[in-house]
Amino acid sequence: MDRYLFEVLCFLEKQGKGKYTIREIADSVKISGTMVSKCLQDAKTAGYMEGEEIFYITEKGREALEPYRVKKAVIMAAGFGSRMMPATADRPKPMVMVNGKRIIDTLLDALVNVGIRDITIVRGYKKEKFNEILEKYPFVRFIDNDLYDKENNISSAIFAKDEISNCYLCEADLYITNPGVIAKYQYASNILGSYSLETDDWSFRLKDGYISEYQKGNTYCYNYYGISYWTAEDSAQLRTDWTEIYKINKDVFWEEVPLILKKENYKVEIRQCKKQDIMEIDNYFELAQLDKSYR
């Protein structure tokens with residue numbers, strides 16, 4: 001299936017049966033109205049959709065999307081979260097409550113919402129605290145990284161590398177306000193990002209449609225958010241490259257491997273989101289702004 005047909009079918013699958021204009025679909029999937037019309041005709045010819053004014057995806061269309069369905073996720077949750085002290089004195093940052101909900105629950109709920117239950121969490125600091133989530137999410141599995149305080153997060157990637165395949169790879173300390181940032185289907189490897197005119201945080205630019213210039217601080221760029229998807233092919237390459245880099249340098253971030261150190265091996269897209277879709281709580285002050293019980 002080509003990318004354009006994939007995007008149109010994903011729109012129909014997500015939105016459900018309804019009356020949609022060509023312009024509405026084109027604006028949503030970001031392709032021309034001419035191409036949308038062609039895709040709708042091709043989809044109808046193939047038996048992937050039905051309808052004239054009211055469109056809906058057929059069971060055959062859902063079957064065509066199935067090879068692109070994401071069925072697993074790996075969550076990096078081994079870190080200490082020192083800037084969130086004293087909230088993290090007795091628990092990892094992802095287990096901190098914000099307005100009555102654990103930070104990590106916002107991610108887990110988004111994953112479960114699209115049918116992903118094959119979820120592995122790499123834990124380290126106060127690792128036993130993560131057992132509390134099993135009451136709500138009994139299907140979650142854990143991998144222990146006892147090197148979390150001695151090496152950078154590439155060690156978590158190494159511990160979890162056998163779980164990385166056609167999956168989401170997520171940071172655990174993101175407070176998700178829009179569950180839609182986790183999509184049911186994915187076509188190509190990508191990282192979530194929101195557009196910025198200027199930032200002093202980690203960011204990247206696009207070149208020929210793919211991520212370039214991953215660095216801290218930039219202009220006319222995309223802010224990096226720690227939710228990415230990796231195809232089976234790129235996952236295999238990650239396992240190889242992580243292993244190679246880890247042998248010589250244990251003080252790098254896992255994402256530096258595909259985006260800087262071995263970037264020639266990857267073509268990673270940006271999947272755009274809005275800044276309000278995810279709240280990054282970097283320190284205790286920001287936590288207290290969101291939840292007055294910490295003031």
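Which ones in segment 221-263 are farther than 13 Å from Asn153 by Cα and touching an Asp or Glu at 6+ places or on another chain (Cβ under 8 Å)?
Hits for segment 221-263 are Cys221, Asn223, Tyr224, Tyr225, Ile227, Ser228, Arg239, Pro258, Leu261, Lys262.
Can you tell me which residues in segment 128-184 are among the polar types (S, T, N, Q) and either touching a residue at least 12 places away in the same chain (Cβ under 8 Å) or not assigned by TED's automatic domain parsing to the domain that holds Ile270 (or both)?
Those that are among the polar types (S, T, N, Q) and either touching a residue at least 12 places away in the same chain (Cβ under 8 Å) or not assigned by TED's automatic domain parsing to the domain that holds Ile270 (or both): Asn145, Asn152, Asn153, Ser155, Ser156, Ser165, Asn166, Thr177, Asn178.
For the structure I just gave you, tell me whether Pro86 is loosely packed, with under 15 Cβ neighbours inside 10 Å and outside any helix (DSSP H, G or I). Break it down into steps so the answer makes sense when it comes.
Numbers: loosely packed, with under 15 Cβ neighbours inside 10 Å: yes; outside any helix (DSSP H, G or I): yes.
Here the answer is yes, as Pro86 does meet what is asked.
With under 24 Å from the mean Cα position of the chain (by Cα), buried (at least 17 other Cβ atoms within 10 Å of the Cβ), modelled with pLDDT of 95 or more and β-branched (Val, Ile, Thr) as the only criterion, which of Thr58, Thr106 stands out?
From the options Thr58, Thr106, the qualifying one is Thr106.
Quick grid of which residues meet (1) surrounded by 20 or more Cβ atoms within 10 Å (Cβ to Cβ); (2) touching a Pro at 6+ places or on another chain (Cβ under 8 Å); (3) within 19 Å of Ala183 (Cα to Cα):
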position	(1), (2), (3)
Tyr224	yes, no, yes
Leu238	yes, yes, no
Thr243	no, no, no
Asp251	no, no, no
Val257	yes, no, no
Leu261	no, no, no
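Could you check how many residues of segment 33-55 are at negative phi, surrounded by 12 or more Cβ atoms within 10 Å (Cβ to Cβ) and either assigned to a loop (DSSP other than H, G, I, E, B) or touching a Gly at 6+ places or on another chain (Cβ under 6 Å) (or both)? Walk me through how you get there before you give the answer.
Going through segment 33-55, the residues at negative phi turn out to be 33-46, 48-50, 52-55.
If we keep only those that are surrounded by 12 or more Cβ atoms within 10 Å (Cβ to Cβ) too, we end up with 33, 35-40, 42-44, 46, 48-50, 55.
Subsequent filtering for residues that are either assigned to a loop (DSSP other than H, G, I, E, B) or touching a Gly at 6+ places or on another chain (Cβ under 6 Å) (or both) retains 48-49.
Counting residues in segment 33-55 that are at negative phi, surrounded by 12 or more Cβ atoms within 10 Å (Cβ to Cβ) and either assigned to a loop (DSSP other than H, G, I, E, B) or touching a Gly at 6+ places or on another chain (Cβ under 6 Å) (or both) gives 2.
From (1) assigned to a helix (DSSP H, G or I); (2) within 18 Å of Glu171 (Cα to Cα); (3) at pLDDT 95 or above, pick out the condition that doesn't hold for Trp254.
(1)
Hey, among Glu269, Glu264, which residue is in contact (Cβ under 8 Å) with a residue 40 or more places away in the chain, within 22 Å of Glu213 (Cα to Cα) and not aromatic (Phe, Trp, Tyr)?
Going through Glu269, Glu264 in turn, the sole match is Glu269.
One line per residue, one yes/no per condition, for (1) small (Gly, Ala, Ser); (2) over 14 Å from the mean Cα position of the chain (by Cα):
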{"position": "Gln186", "(1), (2)": "no, no"}
{"position": "Leu197", "(1), (2)": "no, yes"}
{"position": "Tyr210", "(1), (2)": "no, yes"}
{"position": "Gly217", "(1), (2)": "yes, yes"}
{"position": "Lys247", "(1), (2)": "no, yes"}
{"position": "Lys267", "(1), (2)": "no, yes"}
{"position": "Ser293", "(1), (2)": "yes, yes"}
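Tell me which residues, restricted to segment 135-163, are assigned to a helix (DSSP H, G or I) and surrounded by 12 or more Cβ atoms within 10 Å (Cβ to Cβ).
Ile154, Ser155, Ser156, Ala157, Ile158, Phe159, Ala160, Lys161, Glu163
The values are calculated or read from the model by the stated rules, or taken from the named source; none is laboratory data. Everything numeric in this text was worked out from a predicted model, so none of it was measured. Because the Cβ atoms are built from the backbone with ideal geometry, glycine has one as well, and the counts that use them run over all protein chains shown.
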